[in-house]
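Participant: Below is one structure. I have some questions about it.
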Amino acid sequence: MAHHHKSNREVGSDPLRGGEGRGLPRRPDEAELERRTLRDRREAGLPARAPEESDTVYREARAEVERQVGTGEMTTAATRGERDPFPPTRYRR
């Protein structure tokens, strides 16, 4: 059996009662997640923090899509109520 790379505490097992944990802890350690995120961003060559203007960029992109849909440059997919409830098939009745 392969050696587990995490401690019992990290996988949610109680070392006093024995046995294996049932997977991930109920709540992830927020501080550890933040450290890992910063490390991953640094390794990927990204700035340590996500830029705050990302919300503005999203709004601008959304406005552009809405404009293109309004002028007919871009079409939208049919809504769930407008499309056939079953996928197309090659079988004939």
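Participant: Pairs, please: C-beta under 8 Å, at least 6 apart or cross-chain, first residue at negative phi and in contact (Cβ under 8 Å) with a residue 12 or more places away in the chain and in segment 52-78, second part of a helix (DSSP H, G or I) and polar (S, T, N, Q)?
Facilitator: That search, which allows pairs on different chains as well, returns nothing.
Participant: Here's something else I'd like to know. For segment 69-93, name all the residues that are at pLDDT below 80, open to solvent by 70 Å² or more (accessible area, probe 1.4 Å) and hydrophobic (A, V, I, L, M, F, W, C).
Facilitator: Listed by number, the list holds a single entry, ALA77.
Participant: What residue, of GLU52, GLU43, GLU66, is of a type in the set (Asp, Glu), modelled with pLDDT of 85 or more and exposed (fewer than 10 other Cβ atoms within 10 Å of the Cβ)?
Facilitator: Just one listed residue meets the conditions, GLU43.
The values are calculated or read from the model by the stated rules, or taken from the named source; none is laboratory data. Small disclaimer: the values here were computed from a predicted structure and weren't measured. Note: ideal-geometry Cβ built from the backbone for every residue, glycine included; neighbour counts use all protein chains shown. Accessible surface areas use protein heavy atoms only, side chains included; no ligands, DNA or RNA. Shrake-Rupley method; radii C 1.70, N 1.55, O 1.52, S 1.80 Å.
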